[in-house]
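The values are calculated or read from the model by the stated rules, or taken from the named source; none is laboratory data. Everything quoted here is computed from the prediction, not taken from an experiment. With ideal geometry, Cβ positions are generated from the backbone for all residues, glycine too; neighbour counts draw on all protein chains shown. Ligands, DNA and RNA are excluded from the accessible area calculation, which covers all protein heavy atoms including side chains. Shrake-Rupley method; radii C 1.70, N 1.55, O 1.52, S 1.80 Å.
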Amino acid sequence: MAGGVVVNNGTGKDYPGKLTMFVLFACIVAATGGLIFGYDIGISGGVTSMNPFLIKFFPSVYRKEQAAEKNQSNQYCKFDSPLLTMFTSSLYLAALVASFFASTVTRVAGRKWSMFGGGVTFLVGAALNGAAKNVLMLILGRVLLGVGVGFANQSVPLYLSEMAPARLRGMLNIGFQLMITIGILCANLINYGTAKIKGGWGWRVSLALAAVPAAIIAVGALFLPDTPNSLIDRGHTDAAKRMLRRVRGTDDIEEEYNDLVAASEESKLVAHPWRNILQRRYRPQLTMAIAIPLFQQLTGINVIMFYAPVLFKTLGFADDASLMSAVITGLVNVFATFVSIVTVDRLGRRKLFLQGGTQMLACQIVVGSLIGAKFGFSGVADIPKAYAAFVVLFICAYVAGFAWSWGPLGWLVPSEIFPLEIRSAGQSINVSVNMLFTFIIAQAFLPMLCRFKFILFFFFGAWVVIMTLFVAFFLPETKNVPIEEMVLVWKSHWYWGRFIRDEDVHVGADVEMPAAGNRNGKVDPAKLAN
């Protein structure tokens, strides 16, 4: 093939292409949209463990915390405050609503302008939070941050999946999750530094510095090219062909271009994507768009990442030690994500899901047992430093398991499975379900910790068992499959194949339909004709 590397995708069709510097740069810039989400996840837990912040906005929580430390009262309940959890979780409710509006913007104006809008809105929210005088101003800023997150999370994974060559789609898409983890780590480091600022205004610096990742994605989006898929869908066919040549690094793009045009023409027949997505033939994708983000939140990861400093203070760490422990988990998160980047297109999505789930389950059992052995149900105990360090070790192992499985794959898989005609709507459902359960868990965690005590870790562990079994039986392998041919994977799956009729498959006349019944949902190249 002229100037390209043949992509062995296992579907009976080979698209020529290579990873060009143009595509790599565009994907890196787009992935920085994950910085705003990650920064907020890390920063909110840190500032809520800073005493000056609590004294100004949540004095009742501060008094309860001081009484717990002075009187050795229940450590599980000292942070339980509906207003405090509303500060953290209001962002995710706003992101849920914003993702539906982002779907229309992403489809009509293109992916890059949705990213730009998200960055600008997040920038305004950061300014409001940094200058907050009261709780109302604080939560209004959080709502604007949420709108920014909703737009970025809706558009960035789609952009990355559409720009990337099929054989490298996993690696490039996980750049989004890598940026989330970098954002979390930067937030933890900033919290550690600003907590030491004399005068008690360090929390303002932490909140205001959210403007930096917001500016990065807002400015970067202005220089991003549109994806060929989006250009075709909006009627710019000549520009799309030029862009496809540029992103694939070859002139031999006719076959892929024709498939994109066919997908676009079919998508234009769909006047109401929100209604069509409920059709029987889209049942597999819709199920995954709901189940995967739901399960991602029920792993319990946000218990660690939102409230890592709070959790470590609950375990008996001093202020600085709790923030440093959060920095340690942030470092683990970043480095473990690189494992996923390196392996996702080699091992595949299923193996990482299954291995990560097993590791997280084991760690949750150990952490729950260690905390239960010391605090019991009373929540009163002194934890030796060595014992606490042992707890942190298993928390880090849990974070690592999430960071190379459910973390990145929770965004990758839903973004690559939808056909073009319902892709924006499908991604909106993915983001909204993710944000809804992020909101619910953020709102419910501290009251649940107060009432369930150490049993909470076993609660999330039970969900990890359920989601790991779900992946084992119902998630097909999607690695190396061109995004416009993904229907073949579902058609060949032992369960999902029954929902898709032969006439529902439109991927080109040269591809023969695979027989259904493969338990793992892998398309057998031997059954396909070139």
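Hey, could you check region 192-226 for residues that are part of a helix (DSSP H, G or I) and open to solvent by 50 Å² or more (accessible area, probe 1.4 Å) and say which is farthest from I36 (Cα to Cα)? Walk me through it before giving the result.
Applying the first criterion (part of a helix (DSSP H, G or I)) to region 192-226 yields 192-194, 202-208, 211-222.
Going one step further and asking which of them are open to solvent by 50 Å² or more (accessible area, probe 1.4 Å), we end up with 192, 204, 212, 216, 219, 222.
Details: Y192: 19, R204: 17, V212: 9, I216: 9, V219: 13, L222: 17 Å.
By that ranking, first place goes to Y192.
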Checklist entry - In region 46-57, is there at least one residue being under 24 Å from the mean Cα position of the chain (by Cα), in a helix (DSSP H, G or I), modelled with pLDDT of 80 or more and among the polar types (S, T, N, Q)? => result no
Next on the checklist: Of all residues being crowded, with 20+ Cβ neighbours inside 10 Å and in contact (Cβ under 8 Å) with a residue 40 or more places away in the chain in region 362-378, which is nearest to L172 (Cα to Cα)? Just the residue, please.
Outcome noted: Q364
Checklist entry - If you scan region 227-254, which residues turn out to be of a type in the set (D, E), out of contact with any helix residue (DSSP H, G or I) (no Cβ under 8 Å at 6 or more places or on another chain) and open to solvent by 70 Å² or more (accessible area, probe 1.4 Å)? => result D238, E254
Next on the checklist: Just to check your reading of the model, which residue among V391, V399 is among the aliphatic types (A, V, I, L, M), closer than 30 Å to I190 by Cα and surrounded by 24 or more Cβ atoms within 10 Å (Cβ to Cβ)?
Outcome noted: V399
Checklist entry - Picking from I383, I328, which residue would you name as being in a helix (DSSP H, G or I), farther than 22 Å from G426 by Cα, β-branched (V, I, T) and modelled with pLDDT under 95? => result I328
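Which residue out of K385, K453 is without any contact (Cβ under 8 Å) to a residue 12 or more places away in the chain and farther than 23 Å from R349 by Cα?
Values: K453 fails: without any contact (Cβ under 8 Å) to a residue 12 or more places away in the chain.
Only one candidate passes the filter, namely K385.
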Item to check | Residues that are part of a helix (DSSP H, G or I) and either under 31 Å from the mean Cα position of the chain (by Cα) or closer than 14 Å to G110 by Cα (or both), drawn from region 242-261 | outcome: M243, L244, R245, R246, V247, R248, E256, Y257, D259, L260, V261
